[in-house]
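Colleague: I have a structure here, written as structure tokens, and I will follow up with some questions on it.
The values are calculated or read from the model by the stated rules, or taken from the named source; none is laboratory data. These figures come from a predicted structure and were not determined experimentally. Methodologically, a virtual Cβ is constructed for each residue, glycine included, from the backbone with ideal geometry; neighbour enumeration extends over all protein chains shown. What goes into the accessible areas is simple: the full protein's heavy atoms, side chains included, and nothing from ligands, DNA or RNA. Shrake-Rupley method; radii C 1.70, N 1.55, O 1.52, S 1.80 Å.
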Amino acid sequence: MEARPETSILIAGAGPVGLALALELVRRGMRPRLVAKAAGPTPANESRALGVNARTLTLLEECGATALILHKARRINRFRVASRGKTLLTVDTARLRGRYSPLYALPQGETENILINLLAQHHITPEWQTAVAHVEGGIDKPQVLLRHADGTSETVSPNILVGADGAHSVVRENCGFTFPGSSIDMPFHLADYRYTRPIETNYAEGNFLNPGVLARIPVREDTIRYISTREDFETIIEHPAEVRDKPWVSSFRISFRHVESMRRGRVFLAGDAAHVHSPIGARGMNLGIEDACWLAWLISERREEEYSELRMPAIETVIKATRRNTAFVTLSNPVLTGLRRLLLPWLSLFPASTRAVLRTISGRDTPAPPWIPGAK
Ligand SMILES: Cc1cc2nc3c(=O)[nH]c(=O)nc-3n(C[C@H](O)[C@H](O)[C@H](O)COP(=O)(O)OP(=O)(O)OC[C@H]3O[C@@H](n4cnc5c(N)ncnc54)[C@H](O)[C@@H]3O)c2cc1C
């Protein structure tokens, strides 16, 4: 493999996707510049993208991140589905064989810090508080106006511009990408609760309340995330121990959107800049890291023109599955919720169906990376 030191690459955004892209490029001999509007990585109290899946762990092995993530993350051994507290289905994650378990939990800021520290070993530091203010000059010769925290500006003309600048991407908006899709008119509410002692964190649970749903996902040894479609969800929680505090509370609405092409000329999009969907299935960050790894490989192979056609099928698969799963967990029709309660216990009798669910959670429903021998 030949490095491309002559190619100047500007990555807009130092979230998990921009960081993973920089690391995958740097380990192949390239020196990208990485700028971010934010002042630093995701704060420690905002757990955000908690689920790190098996596909991400396979992709990040070579750059050294996987071993560090596994050292800190909590393995999820079981998924439990309940209805008003009564267990309908338990899926043991060991049912899906592979080098890694399907899903681990690690707060987003910790994943980002692992990537930042690895980049530092290659003497690359994200330039924080450096925002892409505007892109002009066209998609074949983009000229990027950067605005620094002290109010000064700078124009750069990279050979390759990557927009990894999140759901409200300036790169996407300024470079003529369309972002069709829809929003669902249902707010989601979230609260991370920290307890005074360690609690059981090796399983995740979804509890249908009819109406609404309440999910419980481990964050740390003493912290659980509760996420619900019901505004009053905090009154329903059965706490496993005495509450110490609530490190993070948030509410958000969900959209399902993706760009029609992930490349226009010399401009590429990755992560939330290219696709957004509901957090059900924990795919957002993982899918974005997958984009980053494919793009780095293609750039190193001088095949970046193929990026969009290779990635779009994966994006469409994940958005379709996430949309279907979101509709399933947010059903409100009493006949359909009754049917769901009857059908779910039967699922455990069909190992192929539970394995299919685990394959989706593990991220193995998209094409395997061809540059990693034996990757599934
Ligand atoms: C409650 C919640 C739970 C989630 N759970 C999961 C989960 O379990 N697993 C999962 O995989 N995903 C999950 N996600 C989704 C995940 O958080 C996102 O998909 C992920 O953060 C996307 O990463 P990104 O790097 O593309 O964008 P971001 O993380 O949004 O990072 C964008 C970067 O771009 C920078 N930026 C923005 N504008 C500019 C600009 N103009 N110029 C320069 N830089 C700019 C920002 O400063 C930041 O550095 C969850 C999301 C939410 C809200």
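Colleague: Return yes when I224 is at pLDDT 95 or above, open to solvent by less than 30 Å² (accessible area, probe 1.4 Å), in contact with a strand residue (DSSP E or B) (Cβ under 9 Å, 6 or more places away or on another chain) and part of a loop (DSSP other than H, G, I, E, B) and no when it is not.
Modeller: On the way: at pLDDT 95 or above: yes; open to solvent by less than 30 Å² (accessible area, probe 1.4 Å): yes; in contact with a strand residue (DSSP E or B) (Cβ under 9 Å, 6 or more places away or on another chain): yes; part of a loop (DSSP other than H, G, I, E, B): no.
Considered against the rule, which asks whether it is at pLDDT 95 or above, open to solvent by less than 30 Å² (accessible area, probe 1.4 Å), in contact with a strand residue (DSSP E or B) (Cβ under 9 Å, 6 or more places away or on another chain) and part of a loop (DSSP other than H, G, I, E, B), I224 comes out as no.
Colleague: Same structure, new question: Considering only region 133-172, state which residues are aliphatic (A, V, I, L, M) and either open to solvent by less than 20 Å² (accessible area, probe 1.4 Å) or at pLDDT below 95 (or both). I'd like the intermediate steps shown before the answer.
Modeller: Restricting attention to region 133-172, the residues satisfying the condition of being aliphatic (A, V, I, L, M) are 133, 135, 139, 144-146, 149, 156, 160-162, 164, 167, 170-171.
Hits for region 133-172 are V135, V144, L146, A149, I160, L161, V162, A164, V171.
Colleague: Condition (residue is under 26 Å from V170 (Cβ atoms) and either polar (S, T, N, Q) or open to solvent by less than 50 Å² (accessible area, probe 1.4 Å) (or both)) applied to region 80-103: is it met by at least one residue? Write out each step before concluding.
Modeller: Taking region 80-103 and keeping what is under 26 Å from V170 (Cβ atoms), we get none.
No.
Colleague: Would a scan of region 261-269 turn up a residue that is touching a Pro at 6+ places or on another chain (Cβ under 9 Å), open to solvent by 10 Å² or more (accessible area, probe 1.4 Å), more than 8 Å from the ligand (Cβ to nearest atom) and farther than 20 Å from G85 by Cβ? Quick ask: steps written out before the conclusion?
Modeller: Filtering region 261-269 for residues touching a Pro at 6+ places or on another chain (Cβ under 9 Å) gives 265-267.
When the remaining residues are screened for being open to solvent by 10 Å² or more (accessible area, probe 1.4 Å), the result is 265-266.
From what's left, more than 8 Å from the ligand (Cβ to nearest atom): 265-266.
After this cut, where a residue has to be farther than 20 Å from G85 by Cβ as well, the list is 265-266.
There is at least one residue in region 261-269 that is touching a Pro at 6+ places or on another chain (Cβ under 9 Å), open to solvent by 10 Å² or more (accessible area, probe 1.4 Å), more than 8 Å from the ligand (Cβ to nearest atom) and farther than 20 Å from G85 by Cβ.
Colleague: Would you mind finding the one in R302, R225, R230, R220 that is within 12 Å of the ligand (Cβ to nearest atom) and touching a residue at least 40 places away in the same chain (Cβ under 8 Å)? Outline the logic, then answer.
Modeller: On the way: R302 fails: within 12 Å of the ligand (Cβ to nearest atom); R230 fails: within 12 Å of the ligand (Cβ to nearest atom); R220 fails: within 12 Å of the ligand (Cβ to nearest atom).
On inspection, the qualifying residue turns out to be R225.
Colleague: If you don't mind, another one. Can you tell me which residue among N77, N53 is open to solvent by 10 Å² or more (accessible area, probe 1.4 Å), modelled with pLDDT of 95 or more and closer than 18 Å to N202 by Cα?
Modeller: Details: N53 fails: open to solvent by 10 Å² or more (accessible area, probe 1.4 Å).
Unique residue meeting the criteria: N77.
Colleague: Which members of region 173-198 meet the condition of being more than 30 Å from E242 (Cα to Cα), more than 10 Å from the ligand (Cβ to nearest atom) and not in a strand (DSSP E or B)?
Modeller: Matches in region 173-198: C175, G176, F177, T178, F179, P180.
Colleague: Restricting to strands (runs of 3 or more DSSP E) lying wholly in region 80-137: which have 1 or more residues that are in contact with an Asp or Glu (Cβ under 8 Å, 6 or more places away or on another chain), within 16 Å of the ligand (Cβ to nearest atom) and of a type in the set (V, I, T)?
Modeller: Working: elements: 86-92, 103-105, 130-136.
Of the strands (runs of 3 or more DSSP E) lying wholly inside region 80-137, those with at least 1 residues that are in contact with an Asp or Glu (Cβ under 8 Å, 6 or more places away or on another chain), within 16 Å of the ligand (Cβ to nearest atom) and of a type in the set (V, I, T) span 130-136.
Colleague: Could I ask something else about it? Does L115 satisfy being open to solvent by less than 10 Å² (accessible area, probe 1.4 Å) and within 21 Å of A14 (Cβ to Cβ)?
Modeller: Values: open to solvent by less than 10 Å² (accessible area, probe 1.4 Å): yes; within 21 Å of A14 (Cβ to Cβ): yes.
So L115 fits the description; yes.
Colleague: Going by what's in this entry, would G284 be described as closer than 19 Å to N53 by Cβ and at pLDDT below 95?
Modeller: For G284, the condition - closer than 19 Å to N53 by Cβ and at pLDDT below 95 - is not met.
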